[in-house]
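Worksheet for the structure shown next.
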Amino acid sequence: VWTTAPYTDASPDSWYASAVRYTYDNGLMNGTGEYSFEPESSMTRAMLVTVLYRLDGQKEPTGANPFTDVEPDSWYTEAVIWAVENEIVLGMGDGTFASDAEITREQMAAILYRYAAYRGDDMTTYADLAAFPDEERVSAYAREPLAWAVDRGLINGVAQGGESWLEPQAGATRAQVATILMRFLKQK
């Protein structure tokens, strides 16, 4: 029997059950409480960077914190500094990181793309975003990362009216991020 233990709010019959289990078993995503995963809650920018920091072995960052809105002793400070040092995150362009902001699907793709490049993956991409009705909504910085994520099968689109939509500006839930991380990591 498949289980999402210890979480009582993630059904073993859900579409994301295996991803929740995978991220738990591999120490990548913590629950939001001892028994809660909150699969439908928003994934924040700080949460995603922290997951990648754990995945990379939580190497001690050596640089300084460049962001005005990242406190020196928050639970994600070291992860953010590590991500900046390794060019995995660039911030919001105004000196802030927006740690608690809900991560968008295109931001998630861009961060994963940069992480994959950092770890030395082949970044060749053949996907064409034109297959998606909303491809014109993709921000310029995210076009190549989203094409890469589609090419690798990490993002398949959201089904609406018989078509798959990228929904690049939409927020990503914790369940969606867990699923994309599992797909990403199982490719290596």
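Could you tell me whether region 108-120 includes any residue that is more than 16 Å from the chain's Cα centre (by Cα) and of a type outside the set (S, T, N, Q)? Full working, then the answer.
In the first step, residues of region 108-120 are kept if they are more than 16 Å from the chain's Cα centre (by Cα); the result is 120.
Imposing the further condition that a residue be of a type outside the set (S, T, N, Q) reduces the set to 120.
Scanning region 108-120 turns up at least one residue that is more than 16 Å from the chain's Cα centre (by Cα) and of a type outside the set (S, T, N, Q).
Is it the case that some residue within region 157-165 is in a loop (DSSP other than H, G, I, E, B) and either of a type in the set (A, V, I, L, M) or in contact (Cβ under 8 Å) with a residue 24 or more places away in the chain (or both)? Checked region 157-165: at least one residue is in a loop (DSSP other than H, G, I, E, B) and either of a type in the set (A, V, I, L, M) or in contact (Cβ under 8 Å) with a residue 24 or more places away in the chain (or both). Could you list, in sequence order, all residues of region 96-133 that are within 19 Å of Ala175 (Cβ to Cβ) and basic (Lys, Arg)? Arg105 - this is the single residue of region 96-133 that is within 19 Å of Ala175 (Cβ to Cβ) and basic (Lys, Arg). Scanning region 133-188 for residues that are among the basic types (Lys, Arg) and crowded, with 22+ Cβ neighbours inside 10 Å returns a single hit, Arg174. Of all residues in region 67-95, those being closer than 22 Å to Gln169 by Cβ and not in a loop (DSSP other than H, G, I, E, B) number 1.
The numbers here are math on the coordinates, done by the rules we state, and not lab data. Predicted model only: the values in this text are computed from it and were never measured. Glycine also receives a Cβ, built like all others from the backbone with ideal geometry; neighbour counts cover every protein chain displayed.
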